[in-house]
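The values are calculated or read from the model by the stated rules, or taken from the named source; none is laboratory data. In this text the structure is predicted, and so the values were computed from the model without any measurement. Counting neighbours? That spans all protein chains shown, and the Cβs are built from the backbone with ideal geometry, glycine included. Note: areas computed on protein heavy atoms with side chains; ligands, DNA, RNA excluded. Shrake-Rupley method; radii C 1.70, N 1.55, O 1.52, S 1.80 Å.
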Amino acid sequence: GLQVIGQFVIAISAVGMIGVPLWQLWKFFTVPGRLHQVKLPRVIASAVTVALLAVGFFFIPLPRRVLTSVIVRPDQADQIYVAVPGLIEEVFVQPGDKVTAGQPLARLSNSDAEFRLSRAVGEQAQQRLDLQNLHRRETNDPSVSEAIPTARAALDGVERQLAELQLDQQRLRLTAERDGVVLPAPEAEQKDPAGLSAWSGTPFDPSNRGAHLSTGTLFCSIGDPDQMMATLVF
């Protein structure tokens, strides 16, 4: 918010450097007879010198340096993030390895997700059995037909939940989305909400087997190590 002060200082400096000399020059030439005392070659030489200085000042770029931090990242690379939290069970690749699209990178485990999946499988089996029993009873008791839509809706809900849980199980297996080279994520330090499995470094470090990776953790990048992008941090 101090732009006005800076502009005021620049204006004062411009007046002192340009305005005052021009004013004195004009006063010099307004005195009768002074114009005849001026030597024309010197005036031309002075004018050319001033013009060259002005051109150099306004059009020649001056060197400027700013010291700042820089973050170097792979350019146009795919970042592999953890979608479902879990413990590192297996790592199938190492930084620098070439991979193809669909190739497994690592496998995580989540006991809570596995429990919810097995429970959903049991609920699906039970709901299907209940629906089958209602259909059998419907032939002898037409009033049972009123409960069939409710039972079918309950089965549909369980199957949707089961599909989501199965998708979570698939997401625990990290795979490459494109051909390229495995590039490690920047070293980090993380602790799970329970504070039980703190880790530091990268998920590729052998000491981090069994470490907990939370949702959104960058596992690695898949790209070209010869194509990097630098971001300046001001």
- Item | 3J(HN,Hα) from dihedral phi, segment 215-229, Karplus parametrisation 6.51/-1.76/1.60, rounded to Hz, x for glycine, proline | 4, x, 5, 7, 7, 6, 10, 10, x, 10, x, 8, 10, 10, 10
- Which residues' amide hydrogens lie under 5 Å from the amide hydrogen of residue 220, considering only partners 5 or more residues apart or on another chain, with H built in the peptide plane? 80
- Expressed per residue, the solvent accessible area of the chain in Å² (1.4 Å probe) is about 71 Å²
- Vicinal HN-Hα couplings computed from phi for segment 4-13 (Karplus, 6.51 cos²θ - 1.76 cosθ + 1.60; Hz; Gly/Pro x): 5, 5, x, 5, 5, 5, 4, 5, 4, 5
- Counting helices only, and only those DSSP H runs with n ≥ 4, report the 222 nm mean residue ellipticity of the chain as the sum of -39,500 (n - 2.57) divided by its residues, in deg cm²/dmol to the nearest 500. -14000 deg cm²/dmol
- Task: Name the residues whose placed amide hydrogens come within less than 5 Å of the amide hydrogen of residue 86, ignoring near sequence neighbours (fewer than 5 apart) on the same chain.
- Result: 213
- When you count, for each residue, the other Cβ atoms within 10 Å and take the mean per peptide, how do 80-91, 148-159, 7-18 rank with the highest first? 80-91, 148-159, 7-18
- Note on the structure: Largest fluctuation, 221, 145, 200 only, Gaussian network model of the chain with Cα springs under 10 angstrom, belongs to 145
- Item | Under 15 Å, Cβ to Cβ, from residue 144 - net charge with Lys/Arg +1 and Asp/Glu -1 | -1
- Item | Nonlocal amide H pairs with residue 179, under 5 Å, H built at 1.01 Å | 101
